[in-house]
Structure formats: C-alpha cells, structure tokens
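Enquirer: Structure incoming, see below.
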Amino acid sequence: MNLDPEMKRLEPFAWGYMHSPQTDTESRIANGIYSFAEEWEFTICPADRFPAPLGGMGSFAVNYSRADGITLNARKRDKNIADHPEMEEIINVYYDYFFPYETARVISKARTPQQEKLEINKCCWAAGGGHSNPDYEMLLRIGTNGIREKINRFRAIHTEKETLYAAFERTLDAFELLARRYGEKAAEMLKTAEGEDAAVLARLVKAFSHIPQQPPRDFFEACEMFWFSFAFLDIDSPGLFDYALGRYYENDDPADRWACLEKLWELFHKTRTWNLCVGRSDEFGNDHTCALTYDVLKMAAEKRYDTPNLTLRLHKNSPEALWRAAAETLATGIGMPAIYNDDCVCPALEAIGIPASDSHLYCMNGCNQIDIFGKSHMGLEDGEISVCKALEFALFGGVCKFSEEKLGAETGDARRFTSFDELMAAYKKQIEFMADYITETSNKAQALFAAWAPNP
C-alpha cells in the first residue's frame, strides 16, 4: 500500500497506528498518539495563560479517545477530500482501513439480535465508555520522570506484559513531546512579544523547561501541568482538585494564584469540564480543607457558571467556616456545590471491600457519580434501564407496544393479576431481566475495549 506521507499531517493518529513497527494493539494506539503529538497544530494565547483547549484528536476523521476508543468522522473525511481532491483515493484507503477497528462497531457486532432490539426499542442500553478520574495528584507530585520509574519497576515484575509497558512509555514520549513543542512555540513568540503577553510567554518558557518531567514549583506551573494532562486527548473530570493542586496554592502569591484559578475556571466552563470535587477527610477523620477549597467555592459563587459540576465533601470534623462557605455559594442560586457526607459514603465503600485509605479518596465524575481518585472506572455509561418500559413489559407480558414483539421476560397476563403485589413482582422480574442484559452486554464491551482500544 502506498501510504502518502502527506496523510501524516491530515490524519496523524491513523498514520501512526498504520505505520507502527509493532503489531500489538497497545503499541499501535501509542504510536498513533505519538504521531498526533508530532503533528497537531495548536495555538498559544498569552491572555488565556494556559494551553489552548487541547483534545485536538477529535478534529480528525480517525480519532482516539479514552472514553470512546477509536471513532470515525465521515464529515471530516469528506472535508479532507474536498480540500485535497487529488488525494481522494488515499484518504478513503485510510478511512476504510479503520472500519473493522472502530470500537463502537466492534461492540455492536457482539450484541445478539434480541439485545439489538431491546436497544432499538428504547428498553435499555449498554456499553458506553464512561468517565474517569486520572490521578493528577501523583502526576504532579512525581512528574513524568517518576512515572517512568514506576513503569520500569513494574515491567521488571510483569515481564509477560512488555508490550503494554512499552506502550505506556511511548505515550509518555508523546505527552512530553507535545509539551516540548509548546515551550518552543512560546519561546519563538516571546521574541516579538511585548508587555503582559511577553511576561506570560516568559513564564511559559520557564515552566515548560521544567514540567512535565519534574514536579511543578508553584501554582502557575501546577495549573499548566494539570491542564496539559487533563486536556491531552479529551476533557473529563478533574476529580479531587484541591487534593491534587492545594499544596501548590497554599504558599503562592494570593493575587497571582487567584488569577490562575480564574483563567482555569473559565477554561473549565468553556470546555464543559465534568465534575470537580473539593474537601475531604482521611481515614483517621482528619480534615483536609485548604485555601484552594475555599477559593474554589468563592470562584463558583462569583462566576455562577453551570459548569463544571462542583461537589463538596463534608464530614463531622469539617470546619464551620467551610459549612458557611458552602451555604454562601449555594445561596447564589447556582445549585452547587452538591454536598456529600464522608461519614456515610466512606463506610458504604468500605462495606463492599474498599480499604479505608482508598475510600477516603473518593470523588465524583460525570454528572455526580462516585469514583476512587485515580483507581477506578465507575462505568456510569455501562448502561441504563427504562423503568417505564419495565412496567409496560409487566402489563403486557413482555411485549413491546412499540414493535409488538416479545422482548421482555414472561411474567404472565396482567389482566389476571388479583393484587398489586402480583404486578409489582412482574415489574421487578422485568427490571431484573433488563439488568441481566446490561450486565452481560457491558461485560462483553469491557473485554472488547481492552482488546481493541486499550488506553495507554
């Protein structure tokens, strides 16, 4: 196949994936990400202080993201052809190559005809990508150099997973390459910049000569490093924000740290960042409120944005000042923060086997779902059930009144029920039937994600 080098610029992930010298899926995806880091054309706006919203992978015809795996965008493919008609054949070759690899298509093929009908008729659905809360605290604390050390330590133990650890390293290479390119572009812009723009660009040059390999030295660098990783491939949830960045905020200049937080908050809103959590206790009951906790609440009250979803963890040892700050923010009418009680949530998590040291690192993501920061994938979008459809099935013996097909469980003729309890029993059986479908389909999907779209 004649793979035109111009395609690397047009479709960098696809190019890196198809040109990967390794054939395992982890490496092919990692090489695709590296090619993206080489080619993606980003902008720097000094007034924004932070990298332009990245997540640039979504601007290509062949994309990769943490949540969705490999996806195809026919509109972008058509635009590429319109802009480069002489390359129509090779553009289609690239696009068509990924049809069997598109993650949603792979998962869809694993569904049975019955399962397809359940989804088509809006009874329930399963096998979405879900949200995640990566461990930004660890990344900031040890830098990518520290993560490389962890990779090498564990690859020596798990020698059978060499391709996986190699893919981890290649992805770190991509992350560091994009950061280096960002610092170099800031340095180039600095040559002709003046005034405040020059001051910000100088800070960027200094910051990116140090991060992400090394831990940040102040809140400005912590925000740069956090945002760069947070928006690298797609936008999701910051998780325990004051836990990850609070130490850098605590001893920084109040005016400068507030200005950084304000710019970051505006980016959160602009990119529809999902869920940001502040406040927490540890497993010994100690409170970990910090200056950043209060200023996040203050910022939310001042801006009154509807995003990000802001959540606050409180507990029996939370200071009264934090309760008051939460009340003042809620009193603005923004409906946030959502308040979680550590004294209820942590014991509930521990009751299902999660250690106390981890249960006290819970946070929210997506709309408002509980995760352990950096250690779990809560799988909200593993599936949902239409409880109204379950009642319909109970009333009509499992028959869908939209399609007139029997899609639900057999629960008898409701016209012969003699009590409400019989109807409730039939309803619960239909709920269980759909829950079983979601569980079976989601288990298949997670296995397929791991095989076809691992996330290095």
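Enquirer: Search region 430-449 for residues being over 12 Å from GLU384 (Cα atoms) and acidic (Asp, Glu), and hand back the single one that is surrounded by the most Cβ atoms within 10 Å (Cβ to Cβ).
Expert: Filtering region 430-449 down to residues over 12 Å from GLU384 (Cα atoms) leaves 430, 432-433, 440, 443-449.
Subset that is acidic (Asp, Glu): 432, 440.
Numbers: GLU432: 12, GLU440: 15.
In this case the residue turns out to be GLU440.
Enquirer: Out of GLU302, GLU328, GLU320, GLU350, which single residue is of a type in the set (D, E, K, R) and in contact (Cβ under 8 Å) with a residue 12 or more places away in the chain? Before the answer, list the steps.
Expert: Values: GLU302 fails: in contact (Cβ under 8 Å) with a residue 12 or more places away in the chain; GLU320 fails: in contact (Cβ under 8 Å) with a residue 12 or more places away in the chain; GLU350 fails: in contact (Cβ under 8 Å) with a residue 12 or more places away in the chain.
Testing whether each residue is of a type in the set (D, E, K, R) and in contact (Cβ under 8 Å) with a residue 12 or more places away in the chain leaves just GLU328.
Enquirer: Related question: Being in a strand (DSSP E or B) and not aliphatic (A, V, I, L, M) is the filter; apply it to region 349-398 and report the residue that is nearest to the chain's Cα centre (by Cα).
Expert: First, pick out the residues of region 349-398 that are in a strand (DSSP E or B): 362-365, 369-372, 383-385.
After this cut, where a residue has to be not aliphatic (A, V, I, L, M) as well, the list is 362-363, 365, 369, 371, 383-384.
Working: TYR362: 16, CYS363: 13, ASN365: 9, GLN369: 13, ASP371: 12, GLY383: 17, GLU384: 19 Å.
This residue is ASN365.
Enquirer: Among (1) buried (at least 22 other Cβ atoms within 10 Å of the Cβ); (2) of a type outside the set (Val, Ile, Thr); (3) under 22 Å from the mean Cα position of the chain (by Cα), there is one condition GLU176 misses while meeting the rest; what is its number?
Expert: (1)
Enquirer: Okay, moving on. Kindly indicate whether LEU240 is buried (at least 22 other Cβ atoms within 10 Å of the Cβ) and within 27 Å of ASP371 (Cα to Cα). I'd like the intermediate steps shown before the answer.
Expert: Details: buried (at least 22 other Cβ atoms within 10 Å of the Cβ): yes; within 27 Å of ASP371 (Cα to Cα): yes.
In short, yes.
Enquirer: Checking the condition modelled with pLDDT under 95 and either within 18 Å of ASN455 (Cα to Cα) or of a type in the set (D, E, K, R) (or both), which residue from GLU221, GLU196, GLU188 passes? Talk me through it step by step, then tell me what you get.
Expert: Details: GLU221 fails: modelled with pLDDT under 95; GLU188 fails: modelled with pLDDT under 95.
The conditions single out GLU196.
Enquirer: Also, quick follow-up: Report whether or not ILE91 is surrounded by 19 or more Cβ atoms within 10 Å (Cβ to Cβ), hydrophobic (A, V, I, L, M, F, W, C) and either modelled with pLDDT of 85 or more or part of a loop (DSSP other than H, G, I, E, B) (or both). Show your work before the answer.
Expert: Numbers: surrounded by 19 or more Cβ atoms within 10 Å (Cβ to Cβ): yes; hydrophobic (A, V, I, L, M, F, W, C): yes; either modelled with pLDDT of 85 or more or part of a loop (DSSP other than H, G, I, E, B) (or both): yes.
It is true that ILE91 is surrounded by 19 or more Cβ atoms within 10 Å (Cβ to Cβ), hydrophobic (A, V, I, L, M, F, W, C) and either modelled with pLDDT of 85 or more or part of a loop (DSSP other than H, G, I, E, B) (or both).
Enquirer: Would region 138-145 turn up any residue that is polar (S, T, N, Q) and in a loop (DSSP other than H, G, I, E, B)?
Expert: If we filter region 138-145 for residues that are polar (S, T, N, Q), which is where we start, we get 144-145.
Cutting the leftovers down to in a loop (DSSP other than H, G, I, E, B) gives us none.
For region 138-145, residues polar (S, T, N, Q) and in a loop (DSSP other than H, G, I, E, B): absent.
Enquirer: Quick check: anything in region 8-28 touching a helix residue (DSSP H, G or I) at 6+ places or on another chain (Cβ under 7 Å), among the hydroxyl-bearing types (Ser, Thr, Tyr) and within 17 Å of ALA231 (Cα to Cα)?
Expert: No, region 8-28 contains no residue that is touching a helix residue (DSSP H, G or I) at 6+ places or on another chain (Cβ under 7 Å), among the hydroxyl-bearing types (Ser, Thr, Tyr) and within 17 Å of ALA231 (Cα to Cα).
Enquirer: May I ask you to verify whether LEU233 is closer than 27 Å to ASN145 by Cβ, in contact (Cβ under 8 Å) with a residue 40 or more places away in the chain and part of a helix (DSSP H, G or I)? First the steps, then the outcome.
Expert: Values: closer than 27 Å to ASN145 by Cβ: yes; in contact (Cβ under 8 Å) with a residue 40 or more places away in the chain: yes; part of a helix (DSSP H, G or I): no.
When the stated conditions are applied, LEU233 does not pass them.
Enquirer: Something else now. Any residue in region 332-343 that is farther than 14 Å from LEU310 by Cβ sitting within a Cβ distance under 9 Å of a residue that is assigned to a loop (DSSP other than H, G, I, E, B) and of a type in the set (Ser, Thr, Tyr)? List the pairs, counting only those 6 or more apart or interchain.
Expert: Listed pairs, sorted by first residue: ASP342/SER318.
Enquirer: Quick check on this structure: which one of LEU361, LEU423, LEU407 is under 30 Å from PRO308 (Cβ atoms) and open to solvent by less than 50 Å² (accessible area, probe 1.4 Å)? Even if it seems obvious, please write down each step before you answer.
Expert: Details: LEU423 fails: under 30 Å from PRO308 (Cβ atoms); LEU407 fails: under 30 Å from PRO308 (Cβ atoms).
Step by step, each of LEU361, LEU423, LEU407 is checked, and only LEU361 is under 30 Å from PRO308 (Cβ atoms) and open to solvent by less than 50 Å² (accessible area, probe 1.4 Å).
Enquirer: Another question about this same structure. Does ALA156 fit the bill of being open to solvent by 60 Å² or more (accessible area, probe 1.4 Å), over 27 Å from ASP234 (Cβ atoms) and small (Gly, Ala, Ser)? Reasoning before the result, please.
Expert: Details: open to solvent by 60 Å² or more (accessible area, probe 1.4 Å): yes; over 27 Å from ASP234 (Cβ atoms): yes; small (Gly, Ala, Ser): yes.
Yes.
Enquirer: Only residues in region 179-206 that are within 25 Å of ILE33 (Cα to Cα) count as the first member; pair them with residues that are crowded, with 17+ Cβ neighbours inside 10 Å and hydroxyl-bearing (Ser, Thr, Tyr), Cβ under 9 angstrom, at least 6 apart or cross-chain, and list the lot.
Expert: If the second residue must be crowded, with 17+ Cβ neighbours inside 10 Å and hydroxyl-bearing (Ser, Thr, Tyr), the pairs left are ALA179/THR144; LEU204/TYR182.
Enquirer: Out of everything in region 94-111 that is open to solvent by less than 50 Å² (accessible area, probe 1.4 Å) and of a type outside the set (Gly, Ala, Ser), what residue ends up being farthest from PHE402 (Cα to Cα)? Talk me through it step by step, then tell me what you get.
Expert: Initially, region 94-111 is screened for residues open to solvent by less than 50 Å² (accessible area, probe 1.4 Å), giving 94-95, 98, 102-103, 106-108, 110-111.
Narrowing further to those that are of a type outside the set (Gly, Ala, Ser): 94-95, 98, 102-103, 106-107, 111.
Working: TYR94: 40, TYR95: 36, PHE98: 35, GLU102: 30, THR103: 29, VAL106: 27, ILE107: 25, ARG111: 21 Å.
Ranking the qualifying residues of region 94-111, first place goes to TYR94.
The values are calculated or read from the model by the stated rules, or taken from the named source; none is laboratory data. This is a predicted model, so every value here is computed, not measured. We place every Cβ from the backbone using ideal geometry, glycine too, and count neighbours over all the protein chains shown. Note: accessible area is taken over every heavy atom of the protein model, side chains too, but ligands, DNA and RNA are not part of it. Shrake-Rupley method; radii C 1.70, N 1.55, O 1.52, S 1.80 Å.
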